[in-house]
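Enquirer: Dropping a structure here in structure tokens format, bear with me for questions.
Just so you know, all these numbers are worked out from the coordinates, no wet-lab data involved. If you're wondering where the values come from, they're calculated on a predicted model, not measured in any experiment. Positions of Cβ are backbone-derived with ideal geometry, glycine not excepted, and every protein chain shown enters the neighbour counts.
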Amino acid sequence: MTPRVLSIANQKGGVGKTTTAINLSTALAAVGERVLVVDFDPQGNASTGLGVDMGSRDRTSYDVMVGHAKILECAQATAIPGLSVVPANSDLVGLEADLMGEADKPFRLREAMVELISSCRQGPPDQGFSYVLIDCPPSLNIMTLNAMTAAHAVLVPVQCEYFALEGISQLKDSIEQIKSTLNPALTIQGVVLTMHDQRTSLSREVAESVRAAFGSKVYDTIIPRNTRVAEAPSHGKPLLLYDYDCPGSQAYIRLATEIIERERLIRAA
């Protein structure tokens, strides 16, 4: 089994990156994929949302980055069959200073990911992963740089609000820069519209503008603004466990199906 590594990134905060990481990974696992989430945000919200409390984070993504542990040594199983997470905590705040002067600092995660991919290929299918999702922080810092350098592709959440296009144009520039210098194979897997309120003309206008800018890269699935989506993390549960039948849960299942189909086409090409 060879995992596909997808970074979930947008330099703008509050666009639904972590919500997408939590619920997309759960939806992928629900349809039979084996998934690893790498929490790469010092806030550690993806870890919390997947049920890993702060006291259980003995080994984290920070340990991977400074060479204290391998990814598989840090991965923790969640309550969802087939879904594991490498948790994060505030140790990541000091990562930039810890790696200062290190020539390989943009490649630390890629080196660890190459080792993980090799282990997945050589090991039994029921112990490997088909997808690795990296939840990035809302800035272009050492974590986001490493995540994009390690990834096969980027998944971009865009909220249907006024400043959405401003943030996404900056991200496009960053992706192109990383592609030209650090990771020539990097692509945009897709753009997912989040926090969409079909009752407002603004949401519709932003959705139309994003589709005009990115064309077929934008997924057909749109994640609606839904109170159940906001409530689920406070219970330490992915949305699909908190309320499977709500519109948000069903949207993430459709998004997972759409991503799997795109990946099939990429692998067949």
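Enquirer: Which whole-Hz ³J(HN,Hα) couplings does the range 105-112 yield from phi under the Karplus relation 6.51 cos²θ - 1.76 cosθ + 1.60, θ = phi - 60°, glycine and proline marked x?
Expert: Once rounded to whole Hz, the list reads 4, x, 10, 4, 5, 5, 4, 5.
Enquirer: Also, I was wondering about something else. Over the chain, calculate the relative contact order: mean separation of alpha carbon pairs under 8 Å at least 6 apart, over the residue count, as a percent.
Expert: Dividing the mean separation by the residue count of the chain yields 26 percent.
Enquirer: Then there is this: Taking a cut-off of 34 Å, what percent of all Cα-Cα pairs in the range 4-268 are separated by more than that?
Expert: 11
Enquirer: Moving on. If you average the C-alpha positions of the range 192-207 and of the range 112-165 separately, how far apart do those two centres end up, in angstrom?
Expert: Answer, in whole Å: 26.
Enquirer: Here's another thing I want to ask about it. Place a point 7 Å from Cα of residue 262 in the direction of its Cβ. Which residues in the range 205-227 have their backbone N less than 12 Å from it?
Expert: What the label zone holds, given the 12 Å backbone N cut-off, is 214-222.
Enquirer: Averaged over all directions, how much area does the convex hull of the C-alpha atoms of the range 65-213 cover when projected, in nm²? Don't jump to the answer; show the numbers that get you there.
Expert: Numbers: hull surface 44.3 nm².
Here the figure is 11.1 nm², rounded to one decimal.
Enquirer: Kindly state, to the nearest 0.05, the FRET efficiency for residue 185 paired with residue 209, given R0 = 22 Å and r defined as their beta-carbon distance. Show your work: numbers first, answer last.
Expert: Values: r = 28 Å, r/R0 = 1.29.
After rounding to 0.05, the efficiency reads 0.20.
Enquirer: Assuming R0 = 30 Å, can you tell me the calculated FRET efficiency for the pair residue 2 and residue 77, based on Cβ-Cβ distance, to the nearest 0.05? Provide the component values of the computation, followed by the final result.
Expert: Numbers: r = 21 Å, r/R0 = 0.70.
FRET efficiency, residue 2 to residue 77: 0.90.
Enquirer: Which residue fluctuates most in the GNM of the chain (Cα springs below 10 Å): 143, 65, 54?
Expert: Largest GNM mean-square fluctuation: 54.
Enquirer: Quote to one decimal, in nm, the extra length available between residue 169 and residue 56 on full extension: 0.36 nm per residue of separation minus the C-alpha distance between them. If you can, show how the numbers build up before the last one.
Expert: Working: separation 113, 0.36 × 113 = 40.68 nm, distance 3.79 nm.
Computed gain between residue 169 and residue 56 is 36.9 nm.
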